[in-house]
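Notes follow once the structure below has been shown.
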Amino acid sequence: MTTDTTGTVARDGDSRPGGPADSPFIRACRRRPVPHTPVWFMRQAGRSLPEYREIRASVPMLESCRRPELVTEITLQPVRRHGVDAAILFSDIVVPVAAAGIDLDIVPGTGPVVAEPIRTAADVERIRRITRDDVSYVDEAVRQLVVELGDTPLIGFAGAPFTLASYLVEGGPSRTHAKTKALMYGDPELWHALCARLAEVTLAFLRVQIEAGVSAVQLFDSWAGALSEADYRRFVLPHSTTVLSGLVDDCSGSGRGDRRAEPERSPAGVPRIHFGVGTAELLGAMGEAGADVVGVDWRTPLDVATGRIGADKAVQGNLDPCVLLAPWPVVEAEVRRILEQGRAAPGHVFNLGHGVLPETDPEVLTRVVALVHELSSRRADQG
Ligand code: CP3
């Protein structure tokens, strides 16, 4: 635990000068001055990398998430290659749901597919509460990674209740989320019971990662943009709030006297990023769920987004992943624009507006990292 110049007590995982808690990424999340704008990419550990494809050639997706030595290697690959400012744990949002007893698979080219979709109250009861033992491979991988990464922060993550519920109710990916919405509007009581259970699983999964040493967490509500703000507030916000503010409540000591979290690992000190796609109308509400950083997709310029989110939160984003497929001068112009618009926010973490597409040339990603660092450090020098 350290006290910074503003007198705020920081309960970061490791607040040595130069350690992960003092990294540009964590500093930007906390709206503190940075030597350069930090950058990482959603889905940076994935199919755009030949070294990833080689490892995954013989190992199914869910199995690779359950083997700590593979998780460690795949998580480190983009850090080595691109020099990004943060690593994101290699896993998937459905990993804790599978650990909770739901029979599912991640089908290449399709995504998560659930054997028996959740449609009734009895189905909700099939989603068991999870403990650290159910995801011990994640605990082990994070502990290994924290050692390997040294001063580079590791981001833990989970899926938010709405996005997880969509996969579970639909039985797989969906364009309209029609079955999910039919349940939500048709049986609000069952909907809230399902999301409350998913919030418990998600919170437990994030706590395991935080106690094992991640420096920040991202809650992915990728498909929340399918909802109006009114429906988001009624059907989703309470459950995402349970997750994000639940991480802070851990610190108050109320009701969790059984936990032996080391104080310096206290979740209250871990920045929380909240992200969704197509969320222009939801940015303010998503911030209210208890985020320190709100992820923005490419549809909303960062200065406009900041006006909606408020000056008490940092922003993350928001290069269109498809721009990476364009000629370099186009990429460069877009990076410049985003850095400029990001200056309106009290903190900016450079990222894409959604995940890296598999067909992306990894060398373009490396060049983007170098460009973000170069342009933003020049500005920092000028004060
Ligand atoms: O960001 C990272 O590099 C860390 C790893 C990560 C994966 N999935 C690995 C993965 C993260 C953070 C996720 C999160 C995730 N998973 C989300 C939220 C982020 C988002 O994209 O909105 C969602 C919605 C999922 C569910 C999911 N899993 C989808 C839609 C897919 C794609 C299906 C496909 O093959 O196109 C997956 C599979 C998946 N998750 C892969 C990876 C690397 C591809 C599997 C493979 O390589 O065969």
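Only residues that are among the hydrophobic types (A, V, I, L, M, F, W, C), surrounded by fewer than 18 Cβ atoms within 10 Å (Cβ to Cβ), closer than 17 Å to residue 28 by Cβ and touching a residue at least 60 places away in the same chain (Cβ under 8 Å) were counted in the range 324-374, giving 0. Here the condition is being closer than 13 Å to residue 238 by Cβ, surrounded by fewer than 24 Cβ atoms within 10 Å (Cβ to Cβ) and of a type in the set (A, V, I, L, M, F, W, C); of 204, 196, it holds for 196 alone. State which residue pairs qualify: first residue within 15 Å of residue 50 (Cβ to Cβ) and away from the ligand (no atom under 12 Å from the Cβ) and inside the range 68-86, second residue part of a helix (DSSP H, G or I) and of a type in the set (A, V, I, L, M, F, W, C) in any location, beta carbons under 9 Å apart, and separation of 6 or more residues or different chains. Correct list of pairs: 73/55; 81/365. Taking the stated definitions as given, is residue 83 closer than 27 Å to residue 315 by Cβ, out of contact with any helix residue (DSSP H, G or I) (no Cβ under 6 Å at 6 or more places or on another chain) and either surrounded by fewer than 21 Cβ atoms within 10 Å (Cβ to Cβ) or β-branched (Val, Ile, Thr) (or both)? Spelling it out, it is not the case that residue 83 is closer than 27 Å to residue 315 by Cβ, out of contact with any helix residue (DSSP H, G or I) (no Cβ under 6 Å at 6 or more places or on another chain) and either surrounded by fewer than 21 Cβ atoms within 10 Å (Cβ to Cβ) or β-branched (Val, Ile, Thr) (or both). Taking first residues from the range 217-228 that are farther than 19 Å from residue 243 by Cα and partners that are of a type in the set (A, V, I, L, M, F, W, C) and not in a helix (DSSP H, G or I), the Cβ contacts under 8 Å between residues at least 6 apart in sequence or on separate chains come to 227/236. Got at least one residue in the range 25-44 being surrounded by fewer than 17 Cβ atoms within 10 Å (Cβ to Cβ), out of contact with any Gly (no Cβ under 8 Å at 6 or more places or on another chain) and not in a loop (DSSP other than H, G, I, E, B)? Checked the range 25-44: no residue is surrounded by fewer than 17 Cβ atoms within 10 Å (Cβ to Cβ), out of contact with any Gly (no Cβ under 8 Å at 6 or more places or on another chain) and not in a loop (DSSP other than H, G, I, E, B).
Is there any pair with a first residue in the range 33-54 that is more than 6 Å from the ligand (Cβ to nearest atom) and a second that is among the aromatic types (Phe, Trp, Tyr) and not in a loop (DSSP other than H, G, I, E, B) whose Cβ atoms are under 6 Å apart and which are 6 or more apart or on different chains, and what are they? Partner pairs satisfying both residue conditions: 37/350; 38/25; 39/350. Filtered by the rule that a residue be outside any helix (DSSP H, G or I) and either in contact with a His (Cβ under 6 Å, 6 or more places away or on another chain) or surrounded by 24 or more Cβ atoms within 10 Å (Cβ to Cβ) (or both), the range 225-243 gives 227, 236.
What residue, among those in the range 90-116 that are more than 11 Å from the ligand (Cβ to nearest atom) and surrounded by 17 or more Cβ atoms within 10 Å (Cβ to Cβ), is farthest from residue 58 (Cα to Cα)? In this case the residue turns out to be 100. With respect to being assigned to a helix (DSSP H, G or I) and within 18 Å of the chain's Cα centre (by Cα), residue 137 falls outside the description. Within the range 155-174, the set of residues being assigned to a loop (DSSP other than H, G, I, E, B) and either among the aromatic types (Phe, Trp, Tyr) or more than 12 Å from the ligand (Cβ to nearest atom) (or both) comprises just one member, 171.
Only the coordinates and a few stated rules stand behind these numbers; no lab work does. None of the values given here were measured: they were computed from a predicted structure. Quick reminder, even Gly has a Cβ in these numbers, built from the backbone with ideal geometry, and neighbours come from all protein chains shown.
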